[in-house]
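The values are calculated or read from the model by the stated rules, or taken from the named source; none is laboratory data. Nothing here was measured: the structure is a model prediction, and the numbers come from that model. Cβ placement follows ideal geometry from the backbone for every residue including glycine, while neighbour counts extend to all protein chains displayed. Surface areas here come from the heavy atoms of the whole protein model, side chains and all, with no ligands, DNA or RNA. Shrake-Rupley method; radii C 1.70, N 1.55, O 1.52, S 1.80 Å.
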Amino acid sequence: MAEKVLEVKDLKINFNTYGGTVQAIRDISFDLYKGETLAIVGESGSGKSVTTKAIMGLLANNAVIESGAVKFEDKNLIGLSENDWRDIRGDDIAMIFQDPMTSLDPTMKIGQQIAEPLIVHNGMSKKDAWAKALDMMKLVGIPNAEAHIKDYPHQFSGGMRQRIVIAIALITNPTVLIADEPTTALDVTIQAQILHLMKKLQAEINTSIIFITHDLGVVAGMADRVAVMYAGQIIEVGTTDEVFNFPQHPYTWGLLNSMPTTETEKGDLEAIPGTPPDLLDPPVGDAFAARNKYALEVDNKVKPPFFKLSDTHFASTWLLDERAPEVEPPLEVRKRWAKYQEKHPEADRKKAVVVDTTVALGTEDN
């Protein structure tokens with residue numbers, strides 16, 4: 001059994017706005033294990049980034065954590081003082097943001113920015129910290145690092161700046177690394193290089209990664225497990241193989257059906273109709289019901305519990321209830337099911353069982 005390094009339990013976060021209270025995160029739970037990559041996916045506004053900012057203690061001033069816990073090494077991070085956060089943030093838990101130019105100080109030399117966490121958190125001398133920074137620049141693939149360690153951010157390309165941000169995040173060998181859409185601003189070739197680099201460095205320092213993205217194509221080669229978020233809730237979670245090839249929630253079907261593959265023919269891709277609900281006044285039942293052509297009458301009245309399909313695979317949809325009618329998912333999803341069940345004949349959605357909705361979505365023994 002892998003060691004659990006982070007546990008998010010029943011987290012609920014509201015934002016106070018002029019228009020009212022936005023219920024941004026609505027009772028989510030998940031675990032992160034040593035050395036794994038957990039991808040959190042979903043459309044913009046689903047709550048992915050708010051969740052990770054709560055883990056980092058970086059929520060906006062108008063955010064209110066109504067309930068729940070974020071436990072790191074048996075310590076609840078909710079309610080920590082800023083002084084306590086300084087000991088954790090950037091050392092035990094580090095973050096890579098979407099745009100490297102907003103993460104880097106334009107007035108500081110790159111070597112100084114990479115070395116700073118070692119000086120602040122580890123008490124290392126400036127000389128030793130700069131030497132380690134140089135080693136890290138080489139490790140993340142900055143060419144001719146010795147000549148560029150005293151350069152400023154504007155002197156690097158976007159891909160090189162993102163490598164520098166990764167170097168800063170990993171210089172202290174953090175236990176948890178949060179990557180919030182770290183390749184969105186990069187072209188496809190550089191994106192692939194950065195993802196490969198992250199996996200390589202992860203293996204070397206055995207850090208655990210929470211990878212935030214809306215790009216399912218990125219997830220396939222990056223993550224060990226996937227949590228699908230919609231309207232401030234996790235609605236499906238499982239291994240990457242389970243979520244990609246045996247998905248159960250209609251929202252997950254929609255995401256996969258809108259993702260091009262090598263077999264996609266012209267005109268086959270379908271967008272998910274409609275828009276996410278207004279979280280100033282969230283729906284009573286399944287938040288996806290209004291956009292879901294497979295929605296049942298109960299979806300508009302009662303939030304579905306989680307159904308367990310395996311020790312690692314859970315989905316919150318009434319379609320898994322034994323009383324639900326048989327439905328036919330999109331063709332792309334049916335193809336995935338068929339291939340998956342050839343390899344896993346024991347996989348049977350009709351055997352799904354209801355689990356406690358407060359279960360910390362990781363493995364059976366949580």
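Expressed as a whole percent, the accessible area of region 68-116 that falls on carbon and sulfur atoms is 42 (1.4 Å probe). Per-peptide packing, taken as the mean over residues of other Cβ atoms within 10 Å, places 23-34, 114-125 in the sequence 23-34, 114-125 from highest down. Checked against a 18 Å cut-off, the cross-linked pairs K4/K34; K34/K308; K301/K351 give Cα-Cα distances beyond that limit for K34/K308; K301/K351.
Count Lys and Arg as plus one, Asp and Glu as minus one, and take only other residues whose Cβ is under 15 Å from that of T184; the net charge is then -4. Overall, region 214-351 carries a charge dipole of about 160 debye about its Cα centre when +1 sits on the Cβ of Lys and Arg and -1 on the Cβ of Asp and Glu, all other atoms neutral.
The mean accessible area for residues of the chain, using a 1.4 Å probe and ignoring ligands and nucleic acids, is 46 Å² per residue. Counting only protein heavy atoms and a probe of 1.4 Å, the accessible surface of region 210-261 is 54% carbon and sulfur. Only beta bridges with both residues in the chain are counted; by DSSP, about 65 percent of them are antiparallel.
Each Lys and Arg contributes +1 and each Asp and Glu -1, all at the Cβ; summed about the Cα centre of region 14-156, the dipole is approximately 260 debye.
The alpha-carbon of K53 sits under 18 angstrom from the alpha-carbons of these lysines, leaving out residues fewer than 8 places away in its chain: K9, K12, K71, K75.
Under a model in which nothing but the beta-carbon of Lys, Arg (+1) and Asp, Glu (-1) is charged, the chain shows a dipole of about 640 debye around its Cα centre. Here Cα extents along the principal axes in Å was calculated from the structure, and among [x] 78, 45, 36; [y] 68, 46, 43; [z] 62, 60, 41 it sits at label [y].
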